[in-house]
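To keep things clear, I will list the structure first and then write my remarks on it.
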Amino acid sequence: MRDQCPINDSAVGGHVIPSDGTTLCCDSCTFISASANVQAMTPEPRKRGRPPATSRDEIAAAGLRLAGQEGVDAVSIRRLAAEIGVAPMTIYSQAATKDEIIDLMTAAALDSFEFELDPDEPWPAQLHSGFVALYQTMRANPIVVDLIAGSRAMTGPAVDCVRETLLSAMGAAGLPRQQAVDVFNTLGAYVVGVVTVETARERRAEELVAHVKSLPRGEYPVLTKAPATWARPIPSETIELGLRCLIDGLCRDLVGPSADQVFPQPSTQQGRRRSARRATRSRCP
């Protein structure tokens, strides 16, 4: 909006100035400019109404993003609020404690874990399929290893659902409870270890190759023959073979000669599908 100069209107048509006072039509308009600048410096009244809302999914995604960049310890309600662009109280309304936030993050990281149980399939093959699915999920979201290593996530609902699902695959083995848990922990340690090493290898591949190249060949003749191979990721087929060998050995030692002599390929038949994210809404059956 433009106003006519009230001081000097001798010019034909009068003097016209912008209402924000950024341009002067004459020296007489100085006081008008100053007045306009004062108005421009006056803060706008605070808008009333509800603050911006955010969802639990958005909090989980922001938490995973922050943890991936700075580590799990960097995740806090205030940091998440700044990351999302909301007030801390908005985060509190969805997750009141850091434990709840870790649960949301773990469930989101394990969201793609789905394993189909088939009662007609031998339990070693079912167990193999389940832990391959767990490996693929963790490999796609390596931060979940750090989450699970935390004291809270070891007992979080998403991890409990994964445990229940994979232990169910051993139902037909007839193993004592302690042995079944030992098998689960052994295979779980294998998966977590592989994901940890592979993630570190990816981040420090160039450094690792340079280190191997720098070693004296006289002292390390085998290690230094092909330094570039140390940056090569382990093929998924090799990782799955390692799981197969572990399960096969455990099966023979714990169950005995009556165990299946042939390790069948994992079945693709439809069974019961479980999703780790559903653990945040209801208990796994």
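Only helices (runs of 4 or more DSSP H) whose full extent lies in region 84-174 are considered here, and the ones with at least 1 residues that are crowded, with 17+ Cβ neighbours inside 10 Å and not assigned by TED's automatic domain parsing to the domain that holds ALA61 are 98-109, 123-140, 143-149, 157-168.
When GLU219 is tested against the conditions (1) modelled with pLDDT of 85 or more; (2) not in a loop (DSSP other than H, G, I, E, B), the lone failure is (2).
Looking only at region 74-99, how many residues end up being of a type in the set (D, E, K, R) and at pLDDT 90 or above?
Total satisfying the criteria: 3.
Conditions (1) within 28 Å of PRO124 (Cβ to Cβ); (2) in contact with a helix residue (DSSP H, G or I) (Cβ under 6 Å, 6 or more places away or on another chain), marked per residue:
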residue	(1), (2)
VAL191	yes, yes
VAL195	yes, yes
GLU198	yes, no
ARG203	no, no
ARG217	no, no
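Which residues, counting only those in region 119-153, are touching a Leu at 6+ places or on another chain (Cβ under 7 Å), at pLDDT 85 or above and over 16 Å from LEU243 (Cα atoms)? Matches in region 119-153: ILE143, VAL144.
Taking each residue of region 91-108 that is closer than 15 Å to ARG79 by Cβ and looking for partners that are in a helix (DSSP H, G or I) and of a type in the set (S, T, N, Q) with beta-carbon atoms closer than 8 Å, six or more apart or interchain, yields LEU104/THR280. Criterion applied to ARG244, ARG272, ARG252 was being closer than 29 Å to ILE143 by Cα and at pLDDT below 90, and the one residue passing it is ARG272.
Does ILE234 satisfy the criteria of being among the β-branched types (Val, Ile, Thr), part of a loop (DSSP other than H, G, I, E, B) and within 16 Å of ARG139 (Cα to Cα)? Step through it out loud before you land on a result.
Numbers: among the β-branched types (Val, Ile, Thr): yes; part of a loop (DSSP other than H, G, I, E, B): yes; within 16 Å of ARG139 (Cα to Cα): yes.
Judged against the criteria, ILE234 is a match.
The values are calculated or read from the model by the stated rules, or taken from the named source; none is laboratory data. From a predicted model like this one, the values you see are computed outputs, not experimental measurements. For neighbour counting, all protein chains shown are included, and Cβ atoms are generated from backbone atoms with ideal geometry for every residue, glycine included.
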